[in-house]
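Accompanying notes for the structure given below.
Read-outs throughout are calculated quantities, based only on the coordinates presented, and are distinct from any laboratory measurement. Given the structure is predicted, the values throughout are model-derived calculations rather than measurements. Neighbour counts run over all protein chains shown; Cβ positions are idealised from the backbone, glycine included.
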Amino acid sequence: MTHVVQSPSAATASTTRERSGTLASLAVLFKLRVVMLLLFAALGGAMLGSGGAPSLGELALLAVTGTLSASGASALNQYVERFKDADMKRTRRRPLVTGQYNATVVFAVASGMIAASLILALLAGNPALAVFLGLGAFIYVGVYTIWLKPRSVWNVVIGGAAGSAAVLSGGAAVGAWNDPGVIVLSLLLFTWSPIHFWALSLAYRADYARAGVPMLPVVTSPRWSIFWMVAHAIATGAFGLLLGLDRSLGVLYLLPVIPSTVWLLVESARLIRDYTGPRAMSVFKVSNIYLSLILLAVVFATLI
């Protein structure tokens, strides 16, 4: 029998690839890109609620609890949808679909992460933060994933409240969840979510239809879907501009927000003439950039 001895460098490279693959699959399982966006939204709420001066302790608590809650909810979302994910090209390689991780273990770990986030917030003496962390997870998993997504065309409209809860959790972390600026930013997240998800579902219309998910572009005509997308884009842009009235923002905030709002509206309106997959993906990407610019403007304008 011939034994192949692997060189130290080859063994190290193999181990590195395995670790890289594991980290990549965990990033998919816990939707870390989405989690980072939600944490960014929470930071925006914290900056607005504190007038740009949150304490390091408040930010640390928000980062830890927000990561636990959002990551846990994301994993539970994939636990619930693992069978439908197998029917969609976009999601069929997710780790619970491929069997890379045991579904029961993931359910237990994800549930524990959400529970841990609530316990930590309560131990820190911030019940309002615990409420909004729990509300966000409940809306995303219970209301959106389990109840509305398989049944209602308005699933992402109501589900958008999960993003609003992230902003409100940021405000709660600094004791100001009911600050007017925090409220307006949470409303912006609420109207932004449908544009984002409807653009994606328009681009992957056949995929969602195959899985039996009643997204708006699947069950209605593209033009009717685009009407609602443009309407939500207008509402999102209005909230983005209204936020400029906040005393801690002003002109410095509006300088990047005005042109980016025009960009979002123009890109959305272009769907009226061209609602092909590439155009829909363009709106999806622009919506991501728009929200990132809004949140960056909020953070920098409150700091300066």
Estimated dipole of the stretch 179-304 in Debye, rounded to 20 [Cβ of Lys and Arg +1, of Asp and Glu -1, Cα centre] = 380
How far apart, in nm, are the 7 Å Cα→Cβ label points at residue 224 and residue 262?
-> 3.5
Under a plain spin-label model, where a point goes 7 Å from the Cα along Cα-to-Cβ, how far apart in nm are residue 153 and residue 108?
-> 4.3
Taking the Cβ of residue 46 as the centre, find all other residues whose Cβ is under 13 Å away and add up their charges (Lys, Arg: +1; Asp, Glu: -1).
-> -2
Okay, helix-only estimate at 222 nm for the chain: each DSSP H run of n ≥ 4 adds -39500 (n - 2.57), divide by all residues, round to 500 deg cm²/dmol; what do you get?
-> -25000 deg cm²/dmol
When only C-alpha pairs under 8 Å and at least 6 residues apart count, what is the relative contact order of the stretch 179-304, in percent?
-> 33
Whole-angstrom gap from the stretch 27-55 to the stretch 282-302, using each part's C-alpha centre = 13
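For the residues 239, 132, what sequence is obtained by ranking on other C-beta atoms within 10 Å, fewest first?
Values: 239 21, 132 28.
Least to most surrounded, the residues fall as 239, 132.
What is the sum of charges, Lys and Arg at +1 and Asp and Glu at -1, for the other residues whose Cβ falls under 14 Å from the Cβ of residue 275? Before the final figure, lay out each step's value.
Details: positive: 205, 223, 270, 273, 279; negative: 267, 274.
Once positives and negatives cancel, what remains is +3.
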Which distance in nm do the two modelled labels at residue 122 and residue 100 give, with both placed 7 Å along the Cα-to-Cβ direction?
-> 3.4
